[in-house]
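Following: one structure in structure tokens, then a few remarks.
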Amino acid sequence: MRKFARVLVGISLCASLLLSAAGVFAEEQVNREAVQTDAQAAEELGLMIGEGDGVTPAYLAQKSTRIQAALISLRLQGKLEEALSYKGTVNFTDAKLVGKGNQAVLAYLKDHPEYGWTGTGGGRFDPLSDISAAQLYKVLLEVAGYKSGTDFAYANTETYAAGKGLGQIAGAAVLTNAHIATALIEALTIETAHGHALFAMLQESGAIPASAMMPQGERIGLRSDAKLGTYMTDGKGRSLYFFTKDAQDVNACQGECITNWPLFASEQLQIPASLDPADFTVLTRKDGTKQWMYKGWPLYYFVKDKAAGDVLGEAVGGVWFLAKSDYSVMLGTNGTLGNYLTDDRGRTLYYFDKDTPQSSVCQGDCIANWPAYGETDGSVPSTMKKADFNRITRADGSIQATFKGYPLYYFIKDKAHGDVTGQDVNKVWFVIDPAKFNGTTAAQAVKTYRVDIKEFSFGTEPLTVEAGSEIVFTNYDDMKHNAVAVDGAFATPLLAKGESFTIKIDKAGTYDYFCEPHKSFMTGQIIVK
């Protein structure tokens, strides 16, 4: 029953060991029986079967298709076995895109338009096309007895679904099987057009075993906001928050603080299939009370949030932020150092005062002791600008995240959440207060020039620089490019969109260069004086 949980825990433990080997601490684990994913619940209830080894992480990561959604629809309506054995000969013109079993299903749907699958026009079904949240919610609403074109217009499907309590995957243009699992479990609680819960209806029809029980844990939800992105809620849609002072001490919120920011606690959790149960742990506070944590951050409510969707606690005091699963960086707060950058798990990030923009001089033993931080995708706290975070390609081809152009590092001796033992090491390593950081000492002594690669061009004019200056190549095209000197004086790696690489030329002269994949027309020149 818990095979899927064991797979995820194994993956998490392996990842933790790798982080420890790099000098980054691992988090504690908790009893996995206390956290159930929607994928586990869907598999146990027979709503999701998977393939091969069942509902595995690899299966959940796959894109969902129209034929998969149709199979789910038929399974929920108790018609799947009948469809799989259907012998009708009239079918959609593109039925041969799927196997024989699914061809029978398509023929069944062709002959039974009352189940809501009339194709995409021109006699086609497009069985392998992607499916959107709106399309899946239409399926689930119709299973519950609400009809498109009668009870709701297809264009308003997601709005109508939200009114029925369906919103966990809203806005997703392309679904994975993880989305499917979450939507299936979410839908079990909605009231059908006949006035009872969908779960009860599915039990009555035999789609769910009569002995089965609804998932019992407190729900962790995901809610999207146009400005703030996707954040965590409880089962009633109330927002959850992180407290930056918990980086230094997870018991930082006490007394009146807890009155204003109540703890999020429950015996069990039910989480979306897209989240990892290993990221949820339980904190036993100094007074013995329990509190759920996510990636090492204790979870709180805000007393002024009164309704689902309220986010009045966001950025309060510059230390309270919505809990998110996709932060690439977060903020910690230290009583002496103030605010500083961390990764998503509260591990401190540093800058090296000898670095210059878009360039790292930390190599060899240095990088072994100060591992590069490489994550660049994801959210940042709302008090910061996402545009300030980018990435460079290091000399070995690996990716390193940057803040305002300066590389970010861990420190190997930081072993616990909130450790800042790298601060002021050798007077060149420091934490980063994003509101005050203005660059390094080394950068003040070096001139920096930029070559922006856009529309398959390095620019129309030669670049003239002083010897010893740094030249930053940044690719803004979707296609990969590099810059290679004709005489071999320099060569950048192939840069993907948004990536940068820095060179320095100490010798005066004229340097012609080209892009290897497009050298017949992409050329440039640097004049060093």
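A few comments on the model shown:
- In segment 47-59, the residues that are assigned to a loop (DSSP other than H, G, I, E, B), loosely packed, with under 14 Cβ neighbours inside 10 Å and of a type outside the set (A, V, I, L, M): GLY52, ASP53
- Hits in segment 485-529 (condition: assigned to a loop (DSSP other than H, G, I, E, B) and in contact (Cβ under 8 Å) with a residue 40 or more places away in the chain): THR492, PRO493, GLY498, ILE505, LYS507, ALA508, CYS515, PHE521, MET522, LYS529
- Residues being among the aromatic types (Phe, Trp, Tyr) and in contact with a helix residue (DSSP H, G or I) (Cβ under 6 Å, 6 or more places away or on another chain) - total across segment 209-243: 0
- GLY167 satisfies every condition listed in (1) exposed (fewer than 14 other Cβ atoms within 10 Å of the Cβ); (2) assigned to a loop (DSSP other than H, G, I, E, B); (3) of a type outside the set (D, E, K, R); (4) on the phi < 0 side of the Ramachandran plot except (1).
- Segment 253-276: number of residues that are assigned to a loop (DSSP other than H, G, I, E, B), without any contact (Cβ under 8 Å) to a residue 40 or more places away in the chain and more than 26 Å from the chain's Cα centre (by Cα): 2
- Count - residues of segment 384-431 that are in contact (Cβ under 8 Å) with a residue 60 or more places away in the chain and either among the charged types (D, E, K, R) or in a helix (DSSP H, G or I) (or both): 6
- Among the residues of segment 176-192, those identified as among the aliphatic types (A, V, I, L, M) and under 21 Å from the mean Cα position of the chain (by Cα) are ALA178, ILE180, ALA181, ALA183, LEU184, ILE185.
- When residues of segment 173-213 are limited to those that are under 25 Å from PRO277 (Cα atoms) and of a type in the set (Ser, Thr, Tyr), the one surrounded by the fewest Cβ atoms within 10 Å (Cβ to Cβ): THR189
- Residue among CYS362, CYS366 that is in contact (Cβ under 8 Å) with a residue 40 or more places away in the chain and either out of contact with any Cys (no Cβ under 9 Å at 6 or more places or on another chain) or not charged (D, E, K, R) (or both): CYS362
- Residue in segment 400-424 that is nearest to THR356 (Cα to Cα), counting only those that are surrounded by 15 or more Cβ atoms within 10 Å (Cβ to Cβ) and β-branched (Val, Ile, Thr): THR402
- Taken over segment 223-247, residues that are surrounded by fewer than 20 Cβ atoms within 10 Å (Cβ to Cβ) and either in contact with a His (Cβ under 8 Å, 6 or more places away or on another chain) or not in a loop (DSSP other than H, G, I, E, B) (or both) amount to 4.
Every number here is computed from the coordinates shown, using simple stated rules; none is lab data. Source: prediction; values computed, not measured. Cβ sites come from the backbone with ideal geometry, for glycine too, and all protein chains shown count toward neighbours.
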